[in-house]
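The values are calculated or read from the model by the stated rules, or taken from the named source; none is laboratory data. Owing to the predicted nature of the structure, the values given are computational and were not obtained by experimental measurement. Here the Cβ is made from the backbone with ideal geometry for all residues, glycine too, and neighbour counts use every protein chain on show. When the accessible area is computed, the model is the full protein with side chains, heavy atoms only, and any ligands, DNA or RNA have been set aside. Shrake-Rupley method; radii C 1.70, N 1.55, O 1.52, S 1.80 Å.
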Amino acid sequence: MTTMFDRRDVLRQAALAGAAGVALSAGMKPALAQGVTLRLSAPMTPTDQRAVAMTEIFGPAVKDFATLQPHWNATLFKQGTELEAIARGNLEMSITSPQELATLIPAWSIFTAGYLLRDAEHQKKVFADPLMNDLKKTTEDRLGVKLLSVMYLGRRQVNLRTEKEIKTPADMAGIKLRMPGTEAWLFLGQALGANPLPVAFTEIYTALQSGAVDGQDNPLPTVRDSKFFEVTKQIVLTSHLVDQNYIALSKKVWDRFTPAQQAVVQKAADDAAESGRKKQLALEAELEGFFKEKGLKVYTPDIEAFRKKVQADYLASKFAKDWPPGMIDKINAVK
Ligand code: KDO
């Protein structure tokens with residue numbers, strides 16, 4: 001785990017790198033290296049619809065001036081270390097999350113709150129809304145990371161290897177629920193009533209198989225793609241988080257593109273995100289049947305009981321103190 005000291009150091013280095021970028025753009029801007037390589041590191045599998053969209057849509061769209069070089073399954077950087085790698089100039093792209101951004105810029109934790117975003121459409125509109133301008137700008141200035149577009153991961157569901165039926169958060173007591181390894185993610189597991197344990201995405205299957213954890217939470221397309229259904233017995237449709245990832249690009253690299261190239265990169269990201277979103281939504285609609293055929297129990301618990309506890313826990317949490325005043329209301333008002 002990276003310490004607080006390391007994390008502040010990342011911000012300081014990114015600020016220095018940003019200052020260097022400003023000096024360059026003030027006069028000595030280098031010509032764009034021909035055939036710039038965009039190394040992208042992310043934990044998802046190459047068959048995840050977001051990865052497919054990046055490979056089949058984003059890569060070809062920018063190929064005249066940039067080469068997308070994806071490293072899926074966290075093979076280049078470990079899950080959660082990608083933003084630091086971009087800030088330090090060791091990586092050009094990632095598919096990042098509010099939970100990871102929140103480790104460096106606490107205001108991002110607003111989007112880690114369960115039962116906030118309503119659906120994929122709301123998520124897309126919120127990302128495009130001016131209410132996001134400050135957060136996006138702070139991320140560029142302090143981290144040197146430009147967030148190009150929002151990718152829909154899906155509604156997160158509780159997926160257990162245990163058999164006891166779950167109706168309310170009280171039924172989750174004592175369940176060892178795997179969560180990704182950031183504070184905000186662990187808090188979500190706790191708000192669901194479980195006993196959260198940090199495990200990297202690439203280790204989930206083995207942790208479920210060995211019984212090191214009792215379950216995990218992820219959207220249905222991920223449960224199929226990463227084959228978690230093979231080592232679990234039930235899916236509780238809590239829909240506790242309309243999960244989002246962002247296509248993240250080094251701001252230094254972005255600044256080296258010409259305006260015309262920037263327009264191509266932006267459109268490529270938006271097109272990839274839109275394609276991935278449509279495919280994830282279609283999969284979510286059809287996968288319940290697939291899991292039932294595989295012998296899993298799939299059912300809806302008392303969603304209101306979960307919503308009430310999770311929302312109350314977040315509002316009372318230390319995270320809420322970092323949320324920009326009025327932002328929850330603005331998010332809710334986006335129609
Ligand atoms: C996960 O680790 O559970 C998670 O779903 C968290 C997301 O933010 C994202 O990192 C995702 O993993 C990866 O893209 C793998 O699907």
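Looking at the chain alone, DSSP beta bridges between its own residues are antiparallel in about 55 percent of cases. Per residue, the accessible area of the range 201-335 comes to 45 Å², computed with a 1.4 Å probe over protein heavy atoms only.
For Tyr152, the solvent-accessible surface with a 1.4 Å probe is about 0 Å², rounded to the nearest 10. For the range 80-121, with all protein chains in place and a probe radius of 1.4 Å, 45% of the accessible heavy-atom surface sits on carbon or sulfur.
Heavy-atom surface analysis with a 1.4 Å probe gives the range 267-322 a carbon and sulfur content of 54 percent of its accessible area. Diffusion of the range 35-108 by Stokes-Einstein, at 20 °C in a medium of 1.002 mPa s and with Rh set to the Kirkwood radius over alpha-carbon pairs, works out to 168 µm²/s.
Only helical runs count toward this figure. For the chain, summing -39,500 (n - 2.57) over DSSP H runs of n ≥ 4 and dividing by all residues gives -12500 deg cm²/dmol at 222 nm. Hydrophobic, long helices, defined as DSSP H runs whose alpha-carbon span along the helix axis is 20 Å or greater and whose mean Kyte-Doolittle value is at least -0.5, occur in the chain at 4-23. With springs only between Cα atoms under 10 Å apart, run a GNM on the chain and tell me which of Leu186, Leu148, Leu315 wobbles the most. Result: Leu315 has the largest fluctuation of those listed.
Dipole of the chain computed with +1 at Lys/Arg Cβ and -1 at Asp/Glu Cβ about the Cα centre; of Val253, Ala53, Phe291, farthest Cα towards the positive end is Val253.
Using only side-chain charges placed at the Cβ, +1 for Lys and Arg and -1 for Asp and Glu, the dipole size of the chain relative to its Cα centre rounds to 320 debye.
Between Asp64 and Lys78, full extension at 0.36 nm per residue minus the direct alpha carbon distance yields a gain of 2.1 nm. For the range 203-263, the carbon plus sulfur part of the accessible surface works out to 51%, probe radius 1.4 Å. Computed over the chain, relative contact order equals 26 percent, with contacts defined as Cα pairs under 8 Å that lie 6+ residues apart. Projected over all directions and averaged, the alpha-carbon convex hull of the range 100-246 occupies 8.5 nm².
Annotation: per residue accessible area for the range 38-116 equals 32 Å², rounded to a whole number [probe 1.4 Å, protein chains only]. Overall, the ratio between the Cα radius of gyration of the chain and 2.2 N^0.38 Å, rounded to two decimals, is 0.99.
What percent antiparallel are the DSSP beta bridges of the range 96-227, to the nearest 5? About 40 percent, rounded to the nearest 5. Reported to the nearest whole Å, the Cα centre-to-centre distance from the range 218-244 to the range 128-147 is 30. Spacing of the modelled spin labels on Asp119 and Thr168, each 7 Å from Cα toward Cβ, amounts to 2.9 nm. Backbone N atoms of the range 33-66 closer than 18 Å to the 7 Å Cα→Cβ label point of Arg88 belong to residues 39-43.
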